[in-house]
Amino acid sequence: MRADGGTKIRKSRRTLELPSQSARALKEHRALQLRERLQAGELWRDHGLVFASQAGTPLDASHVRRSFKTITDKAGLGRDWTPRELRHAFISIMSDHGVPIETIADLAGHASTSVTETIDRHQLKPVITKGAETMNTIFT
């Protein structure tokens, strides 16, 4: 979503089913947020946000980037990641697991598959491994 609450294009407004793990994580996050709300008391400013500061106010972009770098660092990935790369990773992982490019483009909200294929999707396995895998199968 954009800062004004709108989406880039009309097609971006759609309902996607969440994986079970994501739904559980959001429920846990909600419980944490309710505890933060109680701790903040009268300082809490309810904006109806899923992700908010410890006082309920909107997060600014620099806060999100800083928090994201902390998370990726703790996960052993380093501090060079940006939230935008989650989109590329999602698309690349879907592609690597055989999801049709049309389905991936639809999930990403792309009007066609061209952006999905040329910009957002990154090869996870080098193409060269396909040749080696085939040769291993032939000569086994």
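The values are calculated or read from the model by the stated rules, or taken from the named source; none is laboratory data. These numbers were taken from a predicted model, which means no experiment stands behind them. Here the Cβ is made from the backbone with ideal geometry for all residues, glycine too, and neighbour counts use every protein chain on show. Just the protein is used for accessible areas: all its heavy atoms, side chains included, with ligands, DNA and RNA removed. Shrake-Rupley method; radii C 1.70, N 1.55, O 1.52, S 1.80 Å.
Comparing K130, K74, K27 in a Gaussian network model of the chain (Cα springs below 10 Å), the most mobile by mean-square fluctuation is K130. Annotation for D46 and A25: the two label points, set 7 Å from Cα along the Cα-Cβ direction, are 2.7 nm apart. For the chain, the solvent-accessible area works out to 79 Å² per residue, with a probe of 1.4 Å and every protein chain left in place.
To the nearest 10, the accessible area of L77 is 100 Å² with a 1.4 Å probe. Where only DSSP H runs of four or more residues are counted, the chain gives -15500 deg cm²/dmol as its mean residue ellipticity at 222 nm, each run worth -39500 (n - 2.57).
For W44, nonlocal amide neighbours, meaning residues 5 or more places apart or on other chains whose placed amide H falls under 5 Å from its own, do not occur.
Taking θ as phi - 60° and the Karplus parameters 6.51, -1.76 and 1.60, the scalar couplings of the stretch 93-100 work out to 5, 4, 5, 5, 9, x, 6, x Hz in sequence order, x denoting glycine and proline. What the pair-distance distribution of the chain shows, using all Cα-Cα distances binned every 10 Å from zero, is 9, 25, 35, 19, 8, 3, 1, 0 percent. Surface composition of the chain: carbon and sulfur make up 58 percent of the accessible area, probe 1.4 Å.
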